[in-house]
Structure formats: structure tokens, C-alpha cells
Amino acid sequence: MADESKDIYFVQGIPVPDTPLPGKEPEAWQETNVVGKRLPRVDAYERVSGSAVYPSDVHLPNMLHGAILRCPHPHARVRNVDTSAASRMPGVRAVIRGTTPEADLVWKKDAAGEMRLFDPHCRFEGEEVAAVAAETPYQARDAINAIRVDYEVLPFVADERRALQAGSPPVHSKGNLSKSDTYERGDVTRGFAAAEVVLEESYRTECELHTPLEPHGCVASWEGRSLTVWESTQGVYAVQSRVAEVLKLPLARVRVIGHYMGGGFGSKLEAGKYTVIAALLARQSARPVKLLLTREETYLAVGNRPPCNMTLKAGVKRDGTLTALEFTCLATGGASPAGGTSLVDWLIRDLYTCPNVRTTLTDVFTNAGPARAFRAPGHPQGAWALEQMMDALAEAVGMDPVRLRLKNMAAFSQAREGNPAYTSTGFRKCLEQGAAAFGWEKARRETGAQAARGHMRRGVGMAGCLWVAGGGRPPSTVIVKLFSDGSVNLNMGASDLGTGTKTVMAMVVAEELGIKPEAIQIENADTGTTQYATPSGGSKTVPTEAPAVRNAAVQVKQKLMEMAAAALKTDVSELAYQGREIVSRRDASKRIAVKDLDALKRQGVVVGVGYRGPNPKNKVVNPFGAQFCEVEVNTKTGELKILRFVAAHDSGRVMNRLTYDNQVFGGITMGIGLAMTEARILDAGQTGKMVNRNWHDYKLPTALDVPADITSLPIGPADAEANNTGAKGLGEPVTIPTAAAVANAVCHATGLRITQTPINPLQLVQRLAERRKEG
Amino acid sequence: MPRKNPTTGPDGLTRRGFLTSMGTGAIGVAASADLFAAGKEAVDPQVMPAGRTSKVVLRINGETHVVLAEPRWTLLYVLREVIGLTGAKPGCERGECGACTVLIDGVARYACLTLAAEAQGSEVTTLEGLMDGETLGPVQTAFAEADAFQCGYCTPGQIMAVEGLLRTNPNPSAEEIRRGASGNLCRCGAYKHIFEAAHRAAELKRGK
Ligand code: FES
Ligand code: FES
């Protein structure tokens, strides 16, 4: 093996940012030498060699396999669960159900009431009824099939559009209205009166399911009274607190580990019942239990992006000035108060300057799986309506769609109290530079319905966005530990969902300490050994964690410099940290290598603790973006092909250009799914059951659906006001405008405004045929 | 999606005949493993209780493994939970995602749709088998350098699909790469980087 310990530092001559005096905060970076570069991931080897251990891979001695019996009806009452045959089956070691004393637990209390772990009142298909653990997953499944349940099948409502109709079966005793919200500013009536063109349209986005590649699940193991859980999660601390609460354990006795996880997209922000169930099965059998959901279960019970039924009425002057927006949305979080309408209206409220806005949100209960946060909750749905409407308005007043948007740029956040300014907004630049990179005006002239010949039609479309969050916030604590040879251990609680969190954090440490990212060992996502972090999600992980990491690394430098000052008998203010060495600014002969510091050798390690400081007061940190695409429609078959995308995003500083671009491509891919392929289908009329609960019938975009020609165009500069790294969130905004941009391009190509997802051949062929009939 | 499941078993057993032998009862009904070894059509399936295992000899990454397996156990299950090779991942266990892709006699196949007994007599290569000791193979190297993944969970399958593609087509066109990768889902949407990695892997394999 090569001697890696010699190789910790960058070659001499690469400057390290100035070190603030002890007790002082670091300034914004002027120039960076590591941050922003294209760096393959620090854990790439583990991920491509198979040595990364995902929760699904955890295999403990004597481990059993668990399985859950779920209610097959959308609405039913469990009268009796007979597990007698199941418990006698070969290999079966534990069986639990609602009447098992240890499993008779409250799962949660919310606005709809109390929900038990195995709730006798099942309000959606897929609610947990019983569970088993057996020697093999096959035997566990056999036992599940042998459990006999007596259900009283109840009438259901699966279609949210019917939930409030008279005579619809109530999901909860208080009725099917979960929540209604209104927002108002100005006076829309006056706004519409002032308009020269008023348009109104209805839109619908279908329910989209997260289906990360790694199913939800965990391995649970007891050592005495302490529980350890290896969980596929976005937030180990969130899982820990829920499990401890439900099982009534002290937090310190619940350790949750999530070093690697196979994707979440919001659906693994919170704990699932399966974790508590695995823990109970493990306790009953006195053996570790692995419980991974089947793919079908992940379709039924662990979240979705709610289906949204929207109307938008918009008024505009001939010069393109928006005068009024009136928006309604009816949506469902399924059987729980899970935020069916959350944030769906945010873009209508805040993306463009508009003095008169009214939004009305109606969130209803249905007998369907509960929603969970899904990458940019509410925003892609709102963008689907707003950004298609902007195009329709542009056409009505004879303006270019990009120009119409530029005409209505917002200088501050209109929807927030006190109209705070943004720390930075690159929206204008996203539109202008994105359009230039795409060749927007030329492409628009050369494609479109008017340029069409034959049945293959091309068109271009675009859409813009902001993301309501993405600034990050406290709390976060990070520890950087420098060993006596200069190598570093970085300890943080945050999960890396695949966004490259670990790599970005290693780059921050490398930037400050002048050591190679490879010399940084990362411990993360373990409530037993790493510091507190909120779950990774909402595009807040980098802007939350990176500043704390930077503060921790800076503190290490400060401590090393104090050691050097003592060793060199000089004042700290005279010294400069250069990575390998600490050198006097006045007298270059006064220098000492970090690993020669006696104090460091004696102490063994230097520890820096970094906290996430507060966000700037009275300002908002939001990322912005605009996407442009070109499509080709076969008007005979209804096939839609995406030819290219340009994505211009202002997310402040680019931390790692390689993983940044990857996020952009991934967001677009997911947006293409919403636009073209994905829709949960419930048999709302007859059985209420989901009929496409697998990847065969519910299609994700494949390698054949995504263009190879995607350009990621980061829009600067770094946001010096947002935090000490200048980064804003990226993961959510990149999926917000995609579907609307595709719909706008299809409209440009065909003249058809498709207001309902998914734009698939079925729908397109039908719409094209209708148009032919109408002549 | 390309078909990744054999229509013909290792010894010429047809998939149809095989399924007939599997679908004859309730719990744990299956043909004995010997049936496959003999390569006969299933005529008289034996009924075995769940939990009854029989010997299955597998060649994996050049090594022989003798395991006791129930006839219904998939190759994926045996690789991961019996032998401990966790490179191949379960994503759906129903032939939809490709996370479980391995090479069977050099061809990319879904290990979740292949029974362990069915893989007898074949050379199985898993992600681990692409390594040279601690050193990554060319496709793995290309994936790491091109950042051809995000969460990394689909990645072992993607790598095996590209490996399988390059073994039959060392110099694929962009379109051939897309088709070669189309049997493997990536929910993170790293496809563009996967295409780049496949291209680079082809170069690395050619010694460039
Ligand atoms: S696990 Fe085999 S194809 Fe999905
Ligand atoms: S990298 Fe996450 S599914 Fe492909």
C-alpha cells in the first residue's frame, strides 16, 4: 500500500482562506480552490464497489425477516385477526397484531384524532393490520398469507373531487374537510377590472409516488434495553424521536444509524410504522429483525405528491403587466391531515409581481395513502398552473413568454409579512441567460405550430420558479477533529441522500484546512455517535450544514494557530495558516509544520465545534430558476420526445460542479416523470384500490425518456448574505418548472394546451383526434 | 425494456415447463432442485414443505458455493442473505428495476427473477466480481469518475448492465448505450452521467 499519510496536503502554493482571529467568524470566501470544482464523491468507491452498506444490506447474526399484513380495503374496520395458523408455521418466531399487549400503542395524534399502531379502523388500502418475523422472508410472507382477518368493509371515497359531495362516506368522524385556507392581498375584483385580458383555466396534476430505489425499511436489534435501528432515512434524529416516543423509551436508548440510504425524495423524512413494528418483532423474538417493505407497499403506504385540482384566473394589461391572480386548489393528503394542499399556491403568491392575489385551498380527506413531502412540496403543481397560464397570457397579448415573465419580476417577497427583500435573486439572469444559452428566440421561430410540416411537430417551451425555502437554518452542530498527523475526521448528523452532502462538506473542510478531501474521514447520520441535525430535505442541507462545517474547520485552524503562536513565541495575529505549515507573515523563517506542534502531539487531537448561525434578519433566502426545453410530437401516434433541456438555476455558490449538475439532471428527470409518465390510478368507482402499484404499470422515466442533451447553467454569484458559504438550496428548485416547461413546449408544437398530467400518447392522441373532428 | 430473464434455463429447461412445475399448489410447492440438474421437463412435481432445502451448487465470481436452498429462493436472495454478497440490490423483486442485475454466463440478468436453482451450471458474476482485489474494474472506475449515480442504490445494477453491454458490444453508439441502460431504473435520475460513464468505460476497457 502506498503511504497515504504523506499525502494529506495539497501541493504547496495553493492558498488557504484567511483565518479569522480567535472568537471571530469567517468572512465570505472571495476565491475558492476546492469548493466549486468538479470532484467525484468521497464515497464513490464504496458506492461502486458494493462495499457501502445500505440498511437493506445489514445482516446481523441470528437475524429474522419481518413482513407486514396490510388492509386490502380502502376503508374497513378490523373485527378480528386470527394469527393461530400463522404462528404455527415453519420458521415463524414472532407475530403481533393490534391486540398484542406490547403492540397496543398510539402511533400519533393529529388534527384528525388518534391513530394506533395497528389501528382497527383502516382508512386506506395498505394500513397495517398485523406483522410477523420468521427465519426467511419467504416464511414470513407465507405466515402473512395464513393470517385470517375478519373485516367489516366500509363505504369509501377515493376520488378527492367527490369527497365533499353530499352522501360521500366520511373518512373521519368530523367529515371530509381537512382544512381550508385563504390568502388575499389587494383586491382581485379591482385587479380584473383593470386588466385588458382575463383568462381562466382549470388544471390537474395526478398523484405522483416517490418510489425511491431502496424500499423503506430497517433492521432493528435490541441489546438489553437499548435499541439500535439501521434505517433507510433522510433523518436519523427524526426517526429516533418518533420511535422513542411511541415505544416510550429514553432517546439515549434508541440509536438510529443511516450511513447510506437509497433515495427518499421526502418520503423518508419521517419515521414509518415499520420501524416500530420491526422493533416490537425483535423484542418478541429476542432476535434482530430486518423489515424491508415490498415495492407494492411503498406505493400504498409511505407517501405521495397529492393529486391537485386547480383553477387559475389571471388578468393582464396589453403591455404584459399582471393585474390580478385568483387561484383555487382542491387536493388531498389521503386519509391523514398530511398537507394535501401545502404550498401549492406559493408560486402564485410570490413568483411574479402582482398587486391583487387571492388563493383558496381546500384540503380534503380521502380513503387513500397519506401524502408526504415530495421534492418541492406543492411547487411543481403550482408551476404547472401558473407557468402554463403565463404562456397563455403571453400569447393573448402577443408577447414572447420570456419577455412577459421579465416584465413582472418581483424585487422582494410579496407574500411574506413586511415584504422582505431576498438576499439575492438571480431570476432575471436565469431567464435571460437561460434563453440565450438555449437560443430561445431562434428556436421559437423555427419550431412551433406555424412552422410545422408533416406529422412530426417540434416546439419549445420554458417555465420559471423559485423555491420557498432553500436557505437552511439553525440548528446544526458539526465537529471537525484533526489528528496529530493532520488528517481529519468530520462528524455530522446529516444524511447524504445522494445529493453529495458528504462530498460537499469534505470540500469545505479541505478548502479551509488545505488538506485533500481524501484525507477526511466522515462520520455521519448516527444518533449514537454524531451531532444533532435536522433531516436532510427541503434543499436546506448544504446551506444548513456547510456553514457549520466551515465554522468547525475554522475553529480548528484558530486552535492550531494558538499552538503555533506559543511554539514560535509570537502573536497569533502575525501568523498565517498555510495547510501543512503555519508561517509568520513578517519573518518567513519563523514557521512550524502542523504535525510538529508539540501541543498537538501531546493532546492527540484538536477539536473544532461549529454551529449554524442565524439567518440574516428581515431577508429571505430563496433559490430561483428557469428551464427551457425542446420537444417533438408525433401527431399520428401521440408520442412525445424530449429533445433537449437547458436549466439555468440561481442557487448561490456552486459547491461541487459535478454533483451540482447531477442534481439538475435528476430534477429534470423527475419533472419529466410528472409531466409524461407518472400517475397513481385508483379504482375509484368500484374497489377503491390502487391498480398500478408497481414500476411496470406506474412508469418512471427510463434511460429512453430522458434526453442526453441537458445543459446545466449555474447562475451566480454566491449569495454572500445568505450564509458564510454563499450556497442556497438546489435539489428542489430543479424539479419545479420542468413539467410546465414540457407542457408549454407541447402547446407550442401542437397548439394544444394540455392542462392535465401526464402528457402521454393516450391523452395526446385523443386530444389530437378531437381537434381533427372539430376541424 | 430488454428481456433479462432467460426463456431457457441452464440445461435447456424451458421457462414454460419450469413455471408449470412451480404453479401446482399452495405454500412451498416446487420441483426439487435435482429436476433442474437432470434437465428434464417437469412431469411429476414433488410437493415439499416450506423450509425444506436442497443442495444447490453455484459458481459465483469464479468460486464455487454449495448452499442449501429452498427451490423457490431467488438467486438474489441467496447471493445477499445466504452468501453475503450484497452488491446486487433488491428494488422491486419483480423484474422491473434492474437493481439486482448480475451477469449469468456473461449476459445481464435480473437476479430477482432467476431462481438460485436455475443458476446452477452457469457462471454468475456480481458487482463484487468486477473488482480486482481492492481495485475497481473499468466500468466501476468510469461510474465513479463520471458521478454516474446519486444515492447509489441502482448503481450496482447499472454497472452490471453496462458491463454486460460492453462484453457483447465493446464500442456501443450513444443509442446502443441508452438501450443497454434502459432495463435499469434510476429514480435519482442520473441517466445522463450513466451514459457518459458507459462511454468512458468502453474507452477504459479498450485501454484508452
Ligand atoms: S429487484 Fe430485480 S428487477 Fe427490481
Ligand atoms: S442513483 Fe439513486 S436510484 Fe439511481
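Values quoted throughout were computed directly from the atomic coordinates according to the rules given, and no laboratory measurement underlies them. Every value quoted in this text rests on a predicted model; they were computed, and no experiment measured them. Note that each Cβ is placed from the backbone with ideal geometry, even for glycine, and that neighbours are counted across all protein chains shown.
The table below lists the values:
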| quantity | calculated |
| --- | --- |
| Cα shape, the range B:47-134, gyration tensor, a/c 1.5 rule | oblate |
| Distance violations [Cα-Cα > 24 Å] among A:516/A:595; A:317/A:641; A:109/A:179; A:429/A:502; A:37/A:502; A:268/A:502 | A:317/A:641; A:429/A:502 |
| Cut-off under 5 Å, modelled amide H: who pairs with residue A:93 long-range | A:133, A:134, A:135 |
| Partnerless Cys - chain A, beta-carbon criterion under 4.7 Å | A:207, A:218, A:308, A:329, A:354, A:430, A:465, A:629, A:747 |
| Ranking of A:427, A:10 by count of other Cβ atoms within 10 Å, fewest first | A:10, A:427 |
| Nonlocal amide H pairs with residue A:365, under 5 Å, H built at 1.01 Å | A:177, A:178 |
| Ranked by how many other beta carbons lie within 10 Å on average, peptides A:245-257, A:291-303 from highest | A:291-303, A:245-257 |
| Net charge over other residues, Cβ less than 9 angstrom from the Cβ of residue A:331 (K, R count +1; D, E count -1) | -2 |
| Cα-based shape type of the range A:123-276, given that a ≥ b ≥ c are square roots of the gyration tensor eigenvalues and the cut on a/c is 1.5 | prolate |
| Taking B:83, A:642 and counting other C-beta atoms within 10 Å, the order from fewest to most | B:83, A:642 |
| Shape call, the range A:574-702: gyration tensor on alpha carbons, a/c limit 1.5 | prolate |
| Charge context of residue A:28, other residues only, Cβ under 12 angstrom, K/R +1, D/E -1 | -4 |
| Table column - 3J(HN,Hα) (Hz), the range A:694-704, Karplus curve with 6.51, -1.76, 1.60, x for Gly and Pro | 7, 6, 7, 9, 10, 8, 8, x, 9, 4, 8 |
| Ranking of A:655, A:561, A:63 by count of other Cβ atoms within 10 Å, fewest first | A:63, A:561, A:655 |
| Computed label-point distance, nm, for sites residue B:171 and residue B:54 using a 7 Å Cα→Cβ extension | 4.8 |
| Mean Kyte hydropathy of 1.6 or more with a Cα span along the axis of at least 27 Å, helices from DSSP in chain A | none |
| Kirkwood-Stokes translational diffusion coefficient of chain A, alpha-carbon pairs, 20 °C, 1.002 mPa s, µm²/s | 77 |
| Sequence-distant lysines (8 or more away, or on other chains) whose Cα lies within less than 17 Å of residue A:617 | A:728 |
| Spacing of the two label points (7 Å from each Cα toward its C-beta) at residue A:589 and residue A:641, in nm | 7.4 |
| Sum of side-chain charges, residue A:509 neighbourhood, beta-carbon under 12 Å (Lys, Arg +1; Asp, Glu -1) | +1 |
